[in-house]
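Enquirer: First the structure, which I've put down as structure tokens, then a few questions once you've had a look.
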Amino acid sequence: WALYILAGGAVGRRVPGTTGVVAGMIVAAVVTLPFGVAEAGTDLLTPGALLLGLGVAVLSSALPYTLEMRALRAIPARIFGVMMSVEPAIAALSGLLFLGERLGAAQWIAMLCVIAASAGINLTGKPTAHSEPEPVN
């Protein structure tokens, strides 16, 4: 995650608009499409399947990554890292609301440990060369 945050921030600051996200999505599609066609055959290339795939791509990758790139341009990497640490909780909540999935006690404890560790490292660690300095009071 640290590499993603630092690299994403650098790409977000250097590549205008959503060009970086678009390029990444195209590369991901080109790399994964042969595996999908090998598994599902040409049914994967029907207009309905392609439209569904486009919707999934926009909602699961293009939109979130575009918003993340915008955030990485606007806030320090440390703050972004703390915000990213709550993603497991958001995923668990989404699973509960949309899929009816329930986590066991051990899963909740593990998730809370990951969140606490990530937040703790990001809040107590020294700023990296790629993050913005803390404001002085």
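The values are calculated or read from the model by the stated rules, or taken from the named source; none is laboratory data. The model shown is predicted, which means the values in this text are computed figures rather than measured ones. Using ideal geometry, Cβ is built from the backbone for each residue, glycine included, and neighbour counts are taken over all protein chains shown.
Enquirer: Looking only at residues in the range 12-26 that are in a helix (DSSP H, G or I) and more than 17 Å from Pro64 (Cβ to Cβ), which one is modelled with the lowest pLDDT? Break it down into steps so the answer makes sense when it comes.
Expert: Looking only at the range 12-26, we keep the residues that are in a helix (DSSP H, G or I), and these are 12-14, 19-26.
Applying the additional criterion that residues be more than 17 Å from Pro64 (Cβ to Cβ) yields 13-14.
Values: Arg13: 72, Arg14: 77.
Here the answer is Arg13.
Enquirer: Quick check on this structure: which one of Val22, Val114, Val37, Val58 is under 19 Å from Leu3 (Cα atoms) and surrounded by 10 or more Cβ atoms within 10 Å (Cβ to Cβ)?
Expert: Numbers: Val22 fails: under 19 Å from Leu3 (Cα atoms); Val37 fails: under 19 Å from Leu3 (Cα atoms); Val58 fails: under 19 Å from Leu3 (Cα atoms).
Checking each option against the conditions leaves just Val114.
Enquirer: Give just the number: which of (1) modelled with pLDDT of 80 or more; (2) under 25 Å from Thr18 (Cβ atoms); (3) surrounded by 15 or more Cβ atoms within 10 Å (Cβ to Cβ) does Pro88 not satisfy?
Expert: (2)
Enquirer: Let me ask something else about it. Is one or more of the residues making up the range 67-81 touching a residue at least 40 places away in the same chain (Cβ under 8 Å), in contact with a Lys or Arg (Cβ under 8 Å, 6 or more places away or on another chain) and more than 30 Å from Ala110 (Cα to Cα)?
Expert: yes
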